Amino acid sequence: MSQENGIPKIETGPHDVIMIEQPMVRDYSTGGGHGPEDTLIEGDEQIVTQKWQGYPPENLNVVGKSMPPMAEVAIPRYLGTAQYATRVWMPGMLYAKVLASPHPHARIRSMDTAEAERMPGVAYILTHLNAPNGNPARLELNGDELDYVGDIVAIVAAETEDLAEDAAAAIKVDYEILPGAGNLEQVMAPDAPDLRQGRGNLLLMNPNSPHYDPDATFVSERGNIEQGFAEADEIREFSYYFGGAIPVPMQPCGGVARWEGDKLTFWGMNQGIYPYRADIARGLGIDAEDIHYINKWNGCTFGSAMSTSKFNSFLAHMAKVTDRPVKLMLPKDQELAHLNIKPENMTRFRVGLKDGRISTILYEMHMSSGDMDGAGIAATAEISKNNMELYTADVPHWKTLSYAYKTNVIRSGCSRSCTQQEVKWAWESMIDEMAEVAGMDPVPFRRLHVSKPGQSLTMAWHSDFGSRYESENGAVTYDSFASVEVIDEGAKAIGWEQRNPVPGGNPGRYKRGFGVAMSQHHPGHMGYHEGELAFQRLIDGDRGGPQFGIFTADLELNTDGEVIMKNALPDSGTNHDTALAHVVAEMLGFTTRDQIRVVWGDSDLTPLSQQWLAGKTITLQGAAICSAVNKLRADLLERAASALGVDPATLEFRDGVISSTADPEKTTTFAELALANGGSIIHTGRGVHKDQGRALAKGVGACFLEVEVDTWTGDWRMVNSAYCHDTGKVVNPMVAEADMLGSLIQSTQMTTDSIPWDREFPGTRHYSVGYLSFRLPTIMDVPERQTQVFVDSLEPRWFYGIKSFSETSIGSVPGAIANAIYNACGVRIREHPITRDKIMAGLKEREAGA
Amino acid sequence: MKYSRRHFLKAAGSGAVVLTTVGGYRSVAGSAASTQMASGIPAPMTVEIGTFIINGATYQAEYEARTTLWEVIAMKLALTGTNRSCNRASCGACSVLIEGTPYYSCHTLATEAREKDIFTVEGLGDADNLHPIQAVGHRYVAADCGFCTPGWEVTAKGLLDENPDPTVDEVKMALSGHICRCAAYPAIIRTVVDAGKVMRGEAEL
C-alpha cells in the first residue's frame, strides 16, 4: 500500500513475484536480433513470418502491466450474479437426478420404472430403453452394460431434487454382476477378465502408426539400449506408483435445457460452447442453428469437467418430452464418476550412468485407462512425449514402452493439465535418486541433463490420429526454452545453499529440507502464422470437418471508441479475456485497457470457436483476436489516411486518436471513423489449432520447496516455495501470480490425495462421497511464502514475446514434494499418495536400520 | 394429494406458458411474499409455510419439512447468489449468516431459519456500490472462478462485524471452513485484512 494524504491506498499486486528479464538478443536457433524485420521460418509449409509477428516486446504500455481482471467478467463473481449454469433459475423448472450404477461392471437384466413414475412430482424417467437414438455420449445409456461405478442407469426429472431422488431410489433394477477389473493389479493379472470382447484389455495403436507394437500401447526409442547398458558404469532400477488423482471443480457439473417451440436454449458448463452445441445437435438430430448455447462463467472446470457434457443432450431430450425446463446439478459423489481423472499408473526405470551422466534410460509405464479406449492411447503418447523430452536431448540410448489397459473405472484425460503430475512425479524422483548415485547435488545434475536451447528435440513421433507431430531427423530445435534459467533463478529464490546435503541430516524433531523438480509443457500450438491458409484447409474439411480446431473472434469498434472483443470461450476463472484485452489495447496504441470490452460465451453473440485447453488460449483464441486486430488496424489506417488526405505511413495511434507525424493538425479518432461507417467497424479474425507441427514453442518450469517434517508424527508442511516459470512476456503479472498460487496448491493436493477409491465402500473400487473423504487443501494449508519466479524467455513467434505458461510448471510439484521430504527426513516415498503413515513407516525403518 | 403422471404432464404443459427469459429472475425474487407456487407444481408432501427475513426483506415460502435453507433461498425464492457446491456441509460455498453467525445453508433445515435474520451475498453490495470486501477482493484477485466467493465473503462480513481488526491467524481460523479450489487463499487473507482497514478508514480504495 502506498501512502497518500497519510491514508494508505489499496493497490493491486503482484505481491511476491521475481521478474527475470532476458537480453533482447539471444542466441537461438530461430536467429538472434529483435527487430520486427527479422524473420522466422515456421511450420510444415516453411512459412516465413516476422519475429514477434512484427510486435516486439519494447516500449509497452499495457502488456506487462498489472491490472485487476476485466470488470464485466470478474465483478459478478463477487456480487453473486455471475451466471453459472447452476444459477439459472426459471419458474416451472424440473430438477434431474441420476440413478448410478453401484457396480464396477454389470449388465441390466431388467428394470422397472413403473412405481417410480407414479411417485409425486415425477415428470419423466430416462433409461437406456427409451433414450433417443444416436446420443453423442455413445457409451452412456446406449445399452444394458455398465462399465464403472457411477455409470448412468437412469435419469429422473421431478419437481424438486428430493422428489427426483425418491423416485430414482424406487426404480427396480436387476443387475447381473460381471467380472471386472478396477485397477492395474487386477487388469494385469494372468486371470484378468475380458473387458473388450476378446480384443484384449491392453489397448493397441493403429498398426499403421510407427509407434505400433503388438505387445505395448506405444513404443519409441533412440540409439541402442542394450549397447547403452553394456557400456554403463552403473545401472540402477526404480519403481514408482501413482494412485490416481483429480482436482474436483467447485461448481456441480450439469446444465439447464429449455425449449421454446423448436428452439432450444442450453446453459452449459465446459471450456467451449460450439463443440457442445454440436454434440446436442447430433444427439437429438436437430440443426445446431436451432440451439442457443450459453456458457459464460464456470466454477472451475480443470479439463476434468469436459466429459460431463455427456448429460447435455439427455437434459435437452427430457425438457422436450416434458415441455418444461430441466436442470441438473450433479452431486459431488456422482459427479466424480463423470470427470476426467489423472489415472493410476506404475512406472519402472532402468537407468545407466556413464562418466557421471545418464547414458541410457529404459522407461516402462503401465496405466489404467478407464472406460474409454481412445483416452488411454492418447495419454500414453502424450506421456511419452512430455517426459522423454525434458532430460533426453543428450541421452544417446533410450526406449519408452507404454501400456494402457481398459479398466472398469472412470476415464483418464485432461485434469488440471494433461498427463503431467501423474507421470513427472516418477521422472523427477528418479532424477533425484540418480543425482545421489552420481554423487551430485540435484540442481547441477538437472542443469547438466535438461534440454537446452539449440538442442534437437529427441521425440519424432506421429500420433495415432494421423497428424504429424514433429519433424523427422531431429531437425526441430528448442529455442525460447529457459530451462537453465528456471533452475538457477529458482535455486537463488529459495536459498538452495541452505540445503543440508545429508538427507535427514538436520537435528531435532522438526526437520527441514529442500526439494526441486522440473516440468515441461507445450504451450506452443501457434495458431497464427500458419494463419488463414491452414484455417482454410480446415474449413475445406481436410481433417475432422469444419469444427476441428477453429478459433474465430469478432472485433467491433463502436462510436464511443470502445473496442468490443467477441469470444465464444467461457471463463472458468481463467481470466483469458483479460489477457487478450491487454494485447488488443497494446496493438491498437492504447495506454490503458479501459476502452476494451468483452462479450463472450453465447452462441447468439459470439462467432465459432473450439474450446480452450492446455493453457493455450493466448495463442489459440489469441490467434483469432490478433488477426482481427491486425485487420482493424490496417482498416483504420486506410480510413484515416483517406479522411485526412495523408500518407498512412505517417499515421500513429494513441488512445483512440489517430494523428499524422507529418502534420500534427491532421487528426481523427476511432470513434469518428466508426461513426462515419454507420456506427461501427467490425473485423473477424481466425486462427487454428492443428497439433504442433514444427511451429512449436515449449515452456519449462521448476518447483523449489522447503518443507518441514515432524519426525514424531509424520506430519509435514510446506514452509516456502519458489515456483519458476518460463513465461515469455508476462501479460498481466498480478493475474499470473493468482493463477500460479492455485497451480501449486492444486498439484500439492494431487500429491497427497489419491482418489479415495474404497474408503467408503471397502473391497470395491467405489468413488467416495465428494468432499467428505476427499481431503482438499484449506486456508490453513497454504505455505508461509509462495514466491513466483517469472523468466521472460522472449518467445520469438508470438506478439510481444508472449507464450502460454499456465501449465508449464504444474507437473513439477509432486516430485518436488517427494524430493523435499526425502531431503528433510531421509524417507523416500515411491508410492503415491504421500501420507503421514508412509513418512512414519519410513522413519521407523530408518531408525531400525541405524 | 396424489398426482397421476397424465394429470401432471397436463399441468406441466400449462406451466410452460409462464416461462420468460432467465434474466427475469430478479423480478421474480423481488415480488417476494408470494406463497403461490408456479402453476402446475404440486404441493409438497409435508407442507410448511415459513417466513424468512433475508437481507432485511420478508419472504414467504412453502416447502417440505426436509427442505434445506439453501433450497428455499435459491430454488424457492430465486435468490441465486448463494452457491451450493458439496451439499454435504464440507466446503462452505453455501454459507449465509443467521443472526450474524455463518451457517452452511445446504445443511441447515429451512425450518430452523424461519423468522430469523438471514444475510446472503445479495446483501453485501451491488455493481454500483461494492462492499469493501468485494472491491479489495477484485483488486487482489481473491476470486478466480468465483464459485466459493459468496460463501467466504459472507463469513468474512460476519467476522469483520464482530472483529473489525482481525489478525491473519484470526482470518484463517474464521475462513477455515471454506474450500477454494482455485486456492486463492493468500489473496483472500489479504482481502479480508485490508477490507477491515478500509472499513475502519485506515486505508482507501
Total formal charge among the other residues, if their Cβ is under 12 angstrom from that of A:TRP425, Lys/Arg +1 and Asp/Glu -1: -1
Assuming 0.890 mPa s and 25 °C, estimate D for the range B:47-205 with Stokes-Einstein, Rh taken as the Kirkwood radius over Cα pairs, in µm²/s. 156
I'd like the mean, over residues of A:116-124, of how many other protein chain beta carbons sit within 10 Å of each residue's own Cβ. 4
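About the Cα centre of chain A, what is the dipole size in debye to 20, counting +1 per Lys and Arg Cβ and -1 per Asp and Glu Cβ, all else neutral? Could the numbers behind the result be given before it?
Numbers: 75 positive and 111 negative charges, 164 e Å.
So the magnitude is around 780 debye.
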If R₀ is 45 angstrom, what is the calculated FRET efficiency for the pair B:ALA65 and A:SER680, using the beta carbon separation as r and rounding to 0.05? 0.20
How far apart, in nm, are the 7 Å Cα→Cβ label points at B:GLU48 and A:THR650? 8.0
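Computed FRET efficiency, Cβ-Cβ of A:GLU226 and A:ASP441, R0 41 Å: what is it to the nearest 0.05? Could you put the intermediate results ahead of the total?
Values: r = 31 Å, r/R0 = 0.76.
In this case the efficiency is close to 0.85.
Place the peptides A:290-302, A:250-262 in order of packing, highest mean first, counting for every residue the other Cβ atoms within 10 Å and averaging per peptide.
Numbers: A:290-302: 24.8, A:250-262: 23.2.
Those peptides, ordered most packed to least, come out A:290-302, A:250-262.
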Positive-end residue of A:MET587, A:MET19, A:ILE273, charge dipole of chain A with Cβ unit charges: A:MET19
Sorted on mean Cβ neighbours within 10 Å (highest first), peptides A:627-636, A:646-655 come out as A:627-636, A:646-655
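In terms of the Cα gyration tensor, with a ≥ b ≥ c the square roots of its eigenvalues, is the range A:50-104 rounded because a/c is under 1.5, prolate because a/b exceeds b/c, or oblate? Can you show the working numbers first?
Values: a/c = 4.19, a/b = 2.11, b/c = 1.98.
Note, shape of the range A:50-104 comes out prolate.
Taking R0 as 35 Å, what's the FRET efficiency between A:ARG199 and A:ARG236 from their Cβ-Cβ distance, rounded to 0.05? Don't jump to the answer; show the numbers that get you there.
Numbers: r = 37 Å, r/R0 = 1.05.
Efficiency, rounded to the nearest 0.05: 0.45.
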Once A:GLU665 and A:ILE177 are pulled to full extension, the length gained, defined as 0.36 nm per residue separation minus their Cα-Cα distance, is 167.3 nm
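When Cβ neighbours within 10 Å are restricted to other protein chains, what is their mean count per residue of peptide B:132-140? Please list the in-between numbers first.
Numbers: counts 1, 1, 5, 4, 2, 5, 8, 8, 9.
Mean partner shielding for this stretch: 5.
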Calculate the tail of P(r) for the range A:145-203: the fraction of all Cα-Cα distances greater than 16 Å, expressed in %. 59
Give me the net charge for the shell around A:THR360: Cβ to Cβ below 15 angstrom, other residues only, Lys and Arg +1, Asp and Glu -1. -2
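Any idea what diffusion coefficient the range A:311-450 gets from Stokes-Einstein, in µm²/s, Kirkwood Rh on alpha carbon pairs, 20 °C, 1.002 mPa s? Display every interim value, and only then the final one.
Details: Rh = 17.5 Å.
Translational diffusion coefficient: 122 µm²/s.
Using the 2.2 N^0.38 Å rule of thumb for compact globular proteins, work out how chain A stacks up: its C-alpha Rg over that value, please.
Numbers: Rg = 27.5 Å, N = 850, 2.2 N^0.38 = 28.5 Å.
For chain A, the normalised Cα radius of gyration is 0.96.
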Diffing the range A:161-170: the Karplus 3J(HN,Hα) column from phi (6.51, -1.76, 1.60, θ = phi - 60°), in whole Hz with x for Gly and Pro, holds 5, 4, 5, 5, 5, 4, 5, 4, 5, 8
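Net charge within 11 Å of A:SER483 by Cβ-Cβ distance, Lys/Arg positive one each and Asp/Glu negative one each, not counting A:SER483 itself? Let's see the in-between values first.
Details: positive: A:ARG446, A:ARG447, A:LYS452, A:LYS698; negative: A:GLU389, A:GLU485, A:ASP488, A:ASP726.
After counting each charged neighbour, the total is 0.
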Let me know the mean shielding of A:240-248 by other chains, meaning the per-residue number of their Cβ atoms within 10 Å of its Cβ. 1
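Taking other Cβ within 10 Å of each residue's Cβ, how do A:HIS128, A:HIS582, B:HIS107, B:HIS178 sort, fewest first?
Values: A:HIS128 18, A:HIS582 27, B:HIS107 15, B:HIS178 23.
With the fewest neighbours first, A:HIS128, A:HIS582, B:HIS107, B:HIS178 line up as B:HIS107, A:HIS128, B:HIS178, A:HIS582.
Could you sort the peptides A:402-412, A:837-847, A:333-343 by per-residue average Cβ neighbour count (10 Å cutoff), highest mean leading? Please list the in-between numbers first.
On the way: A:402-412: 27.9, A:837-847: 15.1, A:333-343: 25.3.
Highest-to-lowest ranking by the protection proxy: A:402-412, A:333-343, A:837-847.
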Do you know the relative contact order of chain A, to the nearest whole percent, from alpha carbon pairs under 8 angstrom that are 6+ apart? 18
Taking θ as phi - 60°, what are the ³J(HN,Hα) couplings along the range A:437-454 by the Karplus curve (6.51, -1.76, 1.60), each to the nearest whole Hz, with x for Gly and Pro? 4, 7, x, 10, 5, x, 6, x, 5, 5, 4, 5, 9, 5, 5, 10, x, x
Pseudo-spin-label distance A:SER110 to A:THR713, built 7 Å along Cα→Cβ, given in nm, is 5.7
Please identify the trypsin sites (Lys or Arg not before Pro) of the range A:122-223 that satisfy two criteria: DSSP loop assignment and at most 15 other Cβ atoms within 10 Å. Which are they? A:ARG138, A:ARG196, A:ARG199
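Every number in this text was worked out from the coordinates using simple rules, so none of it is lab data. Remember, predicted model here, so these are calculated numbers, not experimental data. Every residue, glycine as well, gets a Cβ built from its backbone with ideal geometry; the counts of neighbours run over all protein chains shown.
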